[in-house]
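The values are calculated or read from the model by the stated rules, or taken from the named source; none is laboratory data. All of these numbers come straight from a predicted model, not from anything done at the bench. As a convention, Cβ positions derive from the backbone with ideal geometry for all residues, glycine included, and neighbour counts pool all protein chains shown.
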Amino acid sequence: MEDKRDIEYWSWERCCSKIKSLKGRLGFKYSDKLRFLRLSLSLNDGSVEDELIAGRKLHPYVVKGIYCILCGYIVRDLDSSLYLGSLSYATFSWLMSFSTFFLAS
């Protein structure tokens, strides 16, 4: 069982400054939304929208997982030997398995 503190660690309040720093960097457009994997993350409030299924609400754990991945993506950029120019396959695979788990529940 996950400790609630582990999930709360990845809150928008804690991650927003790092995630907002992606605007116009690392393959993201200079926009108020980060778009990737057919998801759209608002840099104003941290809300995440599914662009494939309009109106679908993502599970809060999935949203926090997205924050975690984006923060990890920033850290990976600091080590140029790990930076691949876009979301790595391993990160993409992890996100997809994470999302599939919560969508199936």
Name the one entry in Glu2, Glu8 that is at pLDDT below 95 and within 13 Å of Cys68 (Cα to Cα).
-> Glu8
Which residues, taken from region 26-48, are in contact (Cβ under 8 Å) with a residue 12 or more places away in the chain and basic (Lys, Arg)?
-> Arg35, Arg38
Test for Leu82: is it exposed (fewer than 15 other Cβ atoms within 10 Å of the Cβ), modelled with pLDDT under 85, out of contact with any Leu (no Cβ under 8 Å at 6 or more places or on another chain) and not in a helix (DSSP H, G or I) | yes
Scan of region 20-76 for residues that are more than 19 Å from Tyr9 (Cβ to Cβ), buried (at least 16 other Cβ atoms within 10 Å of the Cβ) and of a type in the set (D, E, K, R), ordered by number = Lys33, Glu49, Asp50
Do we find a residue being modelled with pLDDT under 90 and small (Gly, Ala, Ser) anywhere in region 46-61?
-> yes
